[in-house]
Amino acid sequence: MESNRTADLYNIVIFGGNGDLAMRKLLPALYSLFKHDHLNPEGLIIGASRTSLSSEDYTQLVHDALGVHLGADEFEQSVWDRFSKKLRYAEVDANNPDSFHGISDICKHSSAHDNVYYFSTSPSLFGSICENLHRASLITEYSRVVLEKPIGENLASSKKINDQVAAFFDEGQIYRIDHYLGKETVQNLLSVRFANTLFEPLWNCSAIDHVQITVAETVGVGSRWSYYDKAGALRDMVQNHLLQLLCLVAMEPPSDLDADSVRDEKLKVLRSLREITPDQVGLNTVRGQYLEGAVGGQPVEGYLSEGNGSASKTETFVALRAEIDNWRWAGVPFYLRTGKRLPTRCAEIVIQFNAIPHSIFRSSQDQVCPNKLVIRLQPEESIQLVMMNKVPGLEESMRMQAVPLNLSLDKAFDNPNRTPTAYERLLLDVLRANQTLFMRRDEVEGAWQWIDKILEGWKMSSEKPKPYTAGSWGPAASVALIVRDGRNWHD
Ligand code: BG6
């Protein structure tokens, strides 16, 4: 149903418009898009939520949030003066059809062609928001809808939510966000793989020993406890962000960059993931939960005391070993790891190539390490190819050292422009009607299908998550998971 019309003259209606995500990420991203001339000045930005606020109050809240969440040089009074004229607020109760007229009334005064609806609310409200938008005649064939994760808590609930939205929007109108896909280096992964001839011939089980994907966070759960406790790290991070990264590393070259070409290839990877059956869960996964400790030299509370001492078996750390059953990846383990309250904030993908088949360097001090391609998403974005080099000198036996060839994006491009945030990229893609960096329904459901098996195994097991001290790299068992295979985490 979605036309090719890419005109960006849309109003953007944010449900959950005064919530944490809207204030921390969405509105700063919209402000930056506006500042850098990517937003049509005529479209409105309408915050919608149940809170009783005037448009002036809302504008003030947005102003304060930009002060906190924008980079120092990004806020400019003259830009704000123009941007703030786009802001409106509608008091809307997702379950009360009458309240949706607030949105219609605002839209009547806008010259936009149509609306983008951003659902930044609990997914349990997606169905009634769609239904009430429809009743208020606010959905046309040109409307678009953006769905924030989590889309469900397992395959069954995800299907239900997808069905509820699909009753009012076609798949071509639905943008399921995974903000990791909007990160610069994640997109750069596509260019490293498919705009160079160097790696692709080696990108398979004959040359690659294993792959590691780590997303480490220093933050705890804090005020998100009640959401997080129902989710845990597997649902919150692995089902979406880590599996999407795995798909981009493992997929076959798509025939072009069209949304469906890329998404078809990612789906094949998800479908080739070997099921981790309940009897395998103990061997292939590790769950952890942080205790009090120190991060960055500061003492921090444990997970349970953040939740006011509630008992909980929710994991704040997961490490797992996945395998992809296809020709390219047969026998190559993918080790995934993510957690809160780890010692540093970093997200990286490490492709470790095979060890050399025979060493001519006899001296015992000459340890020849396998080559690694290290793709770092954050904090700073970089790509390093770790190679063995001779240490300069006149020693009789040659000394070797692993040295990274560095491609730091900042230095390489000497880019005077700031790096756009993931949400800027993705919101702009919604306005451009480009779905390549969004998840299709079958992908989300494919990921849940694999995750469900792990959840099932955990449920059947009497084991609790293993405690780890905040500020450490998770439970010792996560080291054992990889050491058992004769490998190590790249720390
Ligand atoms: C979100 C998770 O999707 O990603 C959060 O819900 C997590 O728990 C966040 O903190 C991490 O995103 P980033 O971009 O800061 O790595």
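The values are calculated or read from the model by the stated rules, or taken from the named source; none is laboratory data. Predicted model only: the values in this text are computed from it and were never measured. Counting neighbours? That spans all protein chains shown, and the Cβs are built from the backbone with ideal geometry, glycine included.
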Restricting attention to region 359-371, and to residues there that are over 16 Å from Ala207 (Cβ atoms) and either touching a Leu at 6+ places or on another chain (Cβ under 8 Å) or without any contact (Cβ under 8 Å) to a residue 12 or more places away in the chain (or both), which single residue is surrounded by the most Cβ atoms within 10 Å (Cβ to Cβ)?
-> Ser359
Residue ID - nearest to the ligand (Cβ to nearest atom), chosen from residues in region 336-382 that are closer than 27 Å to Leu190 by Cα, assigned to a loop (DSSP other than H, G, I, E, B) and not hydrophobic (A, V, I, L, M, F, W, C) = Arg345
From Asp260, Asp279, which residue is among the acidic types (Asp, Glu), more than 20 Å from Phe199 (Cβ to Cβ) and not in a helix (DSSP H, G or I)?
-> Asp279
Condition broken by Val192, with the remaining ones in (1) more than 13 Å from the chain's Cα centre (by Cα); (2) of a type in the set (Val, Ile, Thr); (3) within 11 Å of the ligand (Cβ to nearest atom); (4) surrounded by 16 or more Cβ atoms within 10 Å (Cβ to Cβ) satisfied = (3)
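Could you say which residue among Asp163, Asp229, Asp170, Asp178 is of a type in the set (Asp, Glu), within 16 Å of the ligand (Cβ to nearest atom) and farther than 20 Å from Ala250 by Cβ?
Values: Asp163 fails: within 16 Å of the ligand (Cβ to nearest atom); Asp170 fails: within 16 Å of the ligand (Cβ to nearest atom); Asp178 fails: farther than 20 Å from Ala250 by Cβ.
That would be Asp229, the only listed residue that is of a type in the set (Asp, Glu), within 16 Å of the ligand (Cβ to nearest atom) and farther than 20 Å from Ala250 by Cβ.
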Condition check for Leu61: assigned to a helix (DSSP H, G or I) and either at pLDDT below 95 or hydrophobic (A, V, I, L, M, F, W, C) (or both) = yes
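Given the options Leu273, Leu202, Leu245, name the one that is within 16 Å of the ligand (Cβ to nearest atom), among the hydrophobic types (A, V, I, L, M, F, W, C) and either out of contact with any His (no Cβ under 6 Å at 6 or more places or on another chain) or closer than 22 Å to Val332 by Cβ (or both). Give the steps one after another, and end with the answer.
Details: Leu273 fails: within 16 Å of the ligand (Cβ to nearest atom); Leu202 fails: within 16 Å of the ligand (Cβ to nearest atom).
None of the other options fit; the residue is Leu245.
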Does Arg24 qualify as being charged (D, E, K, R) and surrounded by fewer than 18 Cβ atoms within 10 Å (Cβ to Cβ)?
-> yes
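When the residues of region 205-226 are narrowed to those that are of a type in the set (A, V, I, L, M, F, W, C) and within 16 Å of the ligand (Cβ to nearest atom), which ends up nearest to Leu320 (Cα to Cα)? Break it down stepwise before answering.
Looking only at region 205-226, we keep the residues that are of a type in the set (A, V, I, L, M, F, W, C), and these are 205, 207-208, 211, 213, 215-216, 219, 221, 225.
Among the residues that remain, those that are also within 16 Å of the ligand (Cβ to nearest atom) are: 213, 215-216, 219, 221, 225.
Details: Ile213: 10, Val215: 13, Ala216: 14, Val219: 21, Val221: 21, Trp225: 24 Å.
By that ranking, first place goes to Ile213.
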